[in-house]
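**Student:** Pasting a structure here, questions to come.
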């Protein structure tokens, strides 16, 4: 493979005064150049909620392991899980699950080719965020009113 085809700058020819400068590719715009919009926020939240659900999977595996370990260990796990401080884990985990569900359905709709216009995509992203907020509040309100959660 010659240097020219490998992307290296050409060597100056005899009698040439200055070599040709190497070609500099343009750089992509940085995030500071982009105008924030709701679909960008939706994409970031989808990834963050997916990572959060990995943490939730660890919590579920710990629950199953405690259940399998016997009644004493399971009772100890429930003591930790029912602590009001544990709501710091449970509420964001449920919000992430609700958001990831709504966002996954949005992506499924997009996979059919529907809802891809900017206006519709923005509306679907906004709807996904609001669904997660409302579903999380409703879920924890029901849990509290049924007496399953105490503050």
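What follows is calculated from the coordinates using simple rules that are stated; it is not laboratory data. Quick caveat: nothing in here was measured; it's all calculated off a predicted structure. Using ideal geometry, Cβ is built from the backbone for each residue, glycine included, and neighbour counts are taken over all protein chains shown.
**Student:** Would you mind calculating the gained length between residue 107 and residue 127 on full extension (0.36 nm times residue separation, minus the Cα-Cα distance), in nm to one decimal? Write out the running numbers ahead of the final one.
**Tutor:** Numbers: separation 20, 0.36 × 20 = 7.20 nm, distance 1.28 nm.
Extra length available between residue 107 and residue 127 comes to 5.9 nm.
**Student:** Put a dot 7 Å past each Cα toward the Cβ at residue 91 and residue 119; how far apart are the dots in nm?
**Tutor:** Going from the residue 119 label point to the residue 91 one covers 3.7 nm.
**Student:** Kindly put 129, 51 in sequence by how many other C-beta atoms sit within 10 Å of each C-beta, fewest to most.
**Tutor:** Working: 129 17, 51 10.
In order of increasing Cβ crowding within 10 Å: 51, 129.
**Student:** Relative contact order, percent, of segment 41-151 when contacts are C-alpha pairs under 8 Å separated by at least 6 residues?
**Tutor:** On the way: 64 pairs, mean separation 35.7, N = 111.
So the answer I get is 32 percent.
**Student:** At 20 °C and 1.002 mPa s, what whole-number value in µm²/s does Stokes-Einstein give for the translational diffusion of segment 38-145, with Rh from the Kirkwood sum over Cα pairs?
**Tutor:** Numbers: Rh = 15.4 Å.
The Stokes-Einstein estimate is 139 µm²/s.
**Student:** Separate question: Work out, step by step, the length gained on full extension between residue 145 and residue 51: first 0.36 nm times the residue separation, then minus their alpha carbon distance; give nm to one decimal.
**Tutor:** Values: separation 94, 0.36 × 94 = 33.84 nm, distance 2.99 nm.
Gain on extension, residue 145 to residue 51, equals 30.8 nm.
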